[in-house]
Amino acid sequence: MLGHVSDTTTRERMISTAMTLFRREGYQATSWRRLVEQAGTPWGSAYHHFPGGKEQLAVAAIELGTAVVAKTVRRAFERNETVEDAVAWWYRKAGEALAADDYRGGCPLATITLEMTHASPAITKACQDAFAAWHKLLVELLGDVEDPEDVATAIMNNLEGALLVSRVHRSPEPLERAARHVALVVRAA
């Protein structure tokens, strides 16, 4: 029984480490060796837990990133009364996380999506599923907003672009402006 708990912890550390490294450095630049070293796991763990190799680990990391973002989005809407306030809270948290990571991170999917969707059907599918899951969640949380599909798309697209610009400028200001722009879109809807 103890071995099972240890295996789960090792696997989870590898997935979490992969999510971080892929977000910061990209898929191609992150070697198996670096993943294992950063996760602090035994070398044999890589192929034991991910017999499909780095691509299988990437899919698991994308799934973790999907869950992390979904949890943040739910929390934003639970803690705020209006859509505008929920989006501002979410964007602010994204800016805080980006700053805490010295502007090396951002969306847990952006780097791997840009780098690998042309090269890996499995990673492409995982990214498509992730963005679809976030969109669906937003549509559900938007409630009575007119055109929730379009508003959810605007929120997601705005966030992704603002994260990129914030990363380049090493400032949360683009995210703050993006939240204000989304508030205008929500009010118009």
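The range 53-119 to the range 148-189: how many Å between their Cα centroids?
Answer, in whole Å: 13.
First check a/c for the range 68-148, with a ≥ b ≥ c the square roots of the eigenvalues of its C-alpha gyration tensor; if it is under 1.5, answer rounded, and if not, answer prolate when a/b is larger than b/c or oblate otherwise.
Oblate is the answer for the range 68-148, as a/c is 1.5 or above yet b/c matches or exceeds a/b.
Projecting each Cα onto the charge dipole of the chain (Lys/Arg +1, Asp/Glu -1 at the beta carbon, about the Cα centre), which of Ala154, Ala132, Ala29 comes out farthest on the positive side?
Most positive-ward Cα: Ala29.
Mean-square fluctuation check for the chain, GNM, Cα pairs under 10 Å: which of Trp134, Trp43, Trp90 is largest?
For the chain, modelled as a Gaussian network with Cα springs under 10 Å, the answer is Trp43.
Please work out, to two decimal places, the log10 of the ratio I(q)/I(0) at q = 0.11 Å⁻¹ from a Debye calculation in which every Cα of the range 54-188 carries one identical scatterer.
-0.38
Lys/Arg Cβ at +1, Asp/Glu Cβ at -1, dipole of the range 56-189 taken about the Cα centre: which of Leu141, Trp89, Pro172 is farthest positive-ward?
It is Pro172, whose Cα lies furthest towards the positive end.
How far is it, in nm, from the label point at Lys71 to the one at Gln28 when both lie 7 Å from their Cα along the line to the Cβ?
Each label point is offset 7 Å from its Cα along the Cβ direction, giving 3.2 nm.
Placing +1 at every Lys and Arg Cβ and -1 at every Asp and Glu Cβ, with all other atoms neutral, what dipole size does the range 58-175 have around its Cα centre, in debye to the nearest 20?
560 debye
Values in this text are rule-based calculations from the coordinates and carry no lab data. Note that the coordinates shown come from a computational prediction; the quantities given were computed from them, not determined experimentally. Neighbour counts run over all protein chains shown; Cβ positions are idealised from the backbone, glycine included.
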